[in-house]
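For reference, the structure discussed in these notes is given below.
The values are calculated or read from the model by the stated rules, or taken from the named source; none is laboratory data. Values in this document were obtained by computation on a predicted structure and should not be read as measured data. Backbone-built Cβ (ideal geometry, glycine too); neighbour counts: all protein chains shown. Heads up: the accessible areas ignore ligands, DNA and RNA and are worked out on the full protein's heavy atoms, side chains in. Shrake-Rupley method; radii C 1.70, N 1.55, O 1.52, S 1.80 Å.
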Amino acid sequence: MALLNIQNSGPETPFNVFVLGFRPFFLTAGIFSVISMLLWLLVYSVGVPFPMKGLSHFHWHAHEMIYGYSMAVASGFLLTAIKNWTGVQTLQHRGLMLLTLLWVSSRVAALFGTEWMVLATLFDLAYNLFLAVAVTLPIVKVKQWKQIGIVSKIYLLGLFNLFFYLGLFNVLDMGIYWGIYGGLFVIIALIMTMGRRVMPFFIEKGVGYPVQLKNSKFLDVSSLVLFLALSISDVFLLNMQLSAYLAMPLVVVSLLRLYNWYTTGIWKAPLLWGLYVAFIFITLGFLLFALQPYSSLATRSLALHAFAVGGIGLVTVSMMSRVTLGHTGRNVMLPSPWINVIQWLLVTGALLRVVFPVLLPQFYSYHIISSQLLWIAAFTLFVIVNFPILTRPRID
């Protein structure tokens with residue numbers, strides 16, 4: 001469980017932001033999350049023109065939140081975690097700077113619209129390939145084949161991103177659709193895989209009293225198999241009824257896992273309850289998938305946003321906060337009180353985006369705009385809190 005022992009990652013000399021993957025990628029992910037959501041808010045609420053041809057504004061927003069924000073967080077996390085897993089130094093200094101520059105260049109080029117999309121594509125796919133190689137080499141070097149399941153998801157994300165761009169340039173008919181929805185499901189699969197590893201360990205070590213939580217291999221395998229089947233049904237077969245049938249047992253499995261991971265002490269630790277509530281939102285997404293054929297209010301969009309806003313949003317903020325504290329020599333049990341505020345902003349935003357449209361559908365657009373504003377506020381605070389930590393040497 002070396003991944004989880006993040007209090008001591010060794011000396012960092014000479015210091016710069018590019019000494020370890022979490023620093024540049026968590027920082028740029030937070031900043032980009034604010035910028036991209038602000039732009040999406042302006043496009044959605046007041047119709048600010050955005051120069052895109054062949055790509056809807058919604059598809060741009062979805063792509064950039066998956067392959068921009070989420071991929072940046074995954075990059076920072078894995079480049080840091082793999083160093084702990086393998087004992088092999090992962091990408092740093094000039095190599096890490098180049099990887100970050102590729103990611104930033106693609107994001108910036110996409111903001112300039114259609115005429116820059118060829119450059120955005122080249123930068124983005126080069127980044128995907130570079131990242132895949134960077135996370136694979138240390139694992140191959142020490143033959144830690146048990147990590148292949150996690151690393152393989154980086155390759156899948158690269159493949160689905162390629163599908164997206166092939167669709168954008170009219171090479172693959174379903175490319176944009178496969179790229180966006182396939183990418184989202186792979187990110188959720190990565191979260192579910194890591195959740196099995198981190199949730200019981202974090203909770204047992206973080207509640208401040210002896211507790212031993214259950215981890216059922218049957219439930220772990222069942223959840224991943226069912227989720228794979230749901231992903232295929234929803235992304236490739238487009239079968240709403242089959243997706244509902246697959247989502248029903250996923251709700252049960254997810255609730256059982258949440259029950260096994262539960263202890264009352266999590267509510268006193270922001271970095272624990274944030275992760276736990278994220279998995280509640282993912283379970284809510286499964287429930288909405290299951291109810292789709294039977295209720296016009298339980299839409300696919302709400303299910304996917306339960307995954308994205310509640311699931312990905314809370315998981316990434318909680319994990320970035322924990323990793324940042326641990327790998328800068330700080331106490332992961334004593335996060336900034338602002339982290340609690342950030343997570344509550346995200347929870348409220350997720351409820352407005354997923355639950356309130358069901359309860360008060362007549363105010364749908366107001367719920368969306370309010371959720372966007374809360375996301376922007378949460379990540380603005382995240383950047384303010386973590387900028388000085390991520391840009392300075394370890395305190396020890």
Note to self: Taking the conditions exactly as written (free of Cβ contacts under 8 Å to residues at least 40 places away in the same chain and either more than 21 Å from VAL19 (Cα to Cα) or surrounded by 18 or more Cβ atoms within 10 Å (Cβ to Cβ) (or both)), does GLY175 satisfy them or not?
What the structure shows: yes
Check: Does THR348 meet the test of being of a type in the set (Val, Ile, Thr), open to solvent by 30 Å² or more (accessible area, probe 1.4 Å), out of contact with any His (no Cβ under 7 Å at 6 or more places or on another chain) and touching a residue at least 60 places away in the same chain (Cβ under 8 Å)?
Finding: no
Check: Which one of these is modelled with pLDDT of 95 or more and crowded, with 16+ Cβ neighbours inside 10 Å: ALA247, ALA298, ALA269?
Finding: ALA247
Next item on the list: Could you give me the residue pairs with C-beta distances under 7 Å whose first residue belongs to segment 207-230 and is at positive phi, whose second residue is surrounded by 16 or more Cβ atoms within 10 Å (Cβ to Cβ) and not in a loop (DSSP other than H, G, I, E, B) wherever it lies, and which are 6+ apart or on separate chains?
Entry: GLY208/GLY265
Item checked: Residue among VAL323, VAL332, VAL309 that is more than 24 Å from LEU256 (Cα to Cα), in contact with a Ser or Thr (Cβ under 8 Å, 6 or more places away or on another chain), in contact (Cβ under 8 Å) with a residue 12 or more places away in the chain and among the aliphatic types (A, V, I, L, M) -> VAL323
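With the structure loaded, tell me whether SER45 is under 19 Å from ILE187 (Cβ atoms) and either surrounded by fewer than 20 Cβ atoms within 10 Å (Cβ to Cβ) or in contact with a Gly (Cβ under 9 Å, 6 or more places away or on another chain) (or both) or whether it fails that test. If you could, list the steps in order and put the result at the bottom.
On the way: under 19 Å from ILE187 (Cβ atoms): no; either surrounded by fewer than 20 Cβ atoms within 10 Å (Cβ to Cβ) or in contact with a Gly (Cβ under 9 Å, 6 or more places away or on another chain) (or both): yes.
Against the criterion (under 19 Å from ILE187 (Cβ atoms) and either surrounded by fewer than 20 Cβ atoms within 10 Å (Cβ to Cβ) or in contact with a Gly (Cβ under 9 Å, 6 or more places away or on another chain) (or both)), SER45 does not qualify.
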Item checked: Given (1) among the charged types (D, E, K, R); (2) open to solvent by less than 60 Å² (accessible area, probe 1.4 Å); (3) farther than 30 Å from LYS53 by Cβ, number of the condition ARG107 does not satisfy -> (3)
Next item on the list: Please state which one of VAL315, VAL252 is within 22 Å of LEU374 (Cβ to Cβ) and open to solvent by 10 Å² or more (accessible area, probe 1.4 Å).
Entry: VAL315
Check: open to solvent by 10 Å² or more (accessible area, probe 1.4 Å) and either polar (S, T, N, Q) or not in a helix (DSSP H, G or I) (or both), is that true of THR324?
Finding: no
Next item on the list: Identify the single condition in (1) crowded, with 24+ Cβ neighbours inside 10 Å; (2) outside any helix (DSSP H, G or I) that MET333 does not satisfy, given that it satisfies every other one.
Entry: (1)
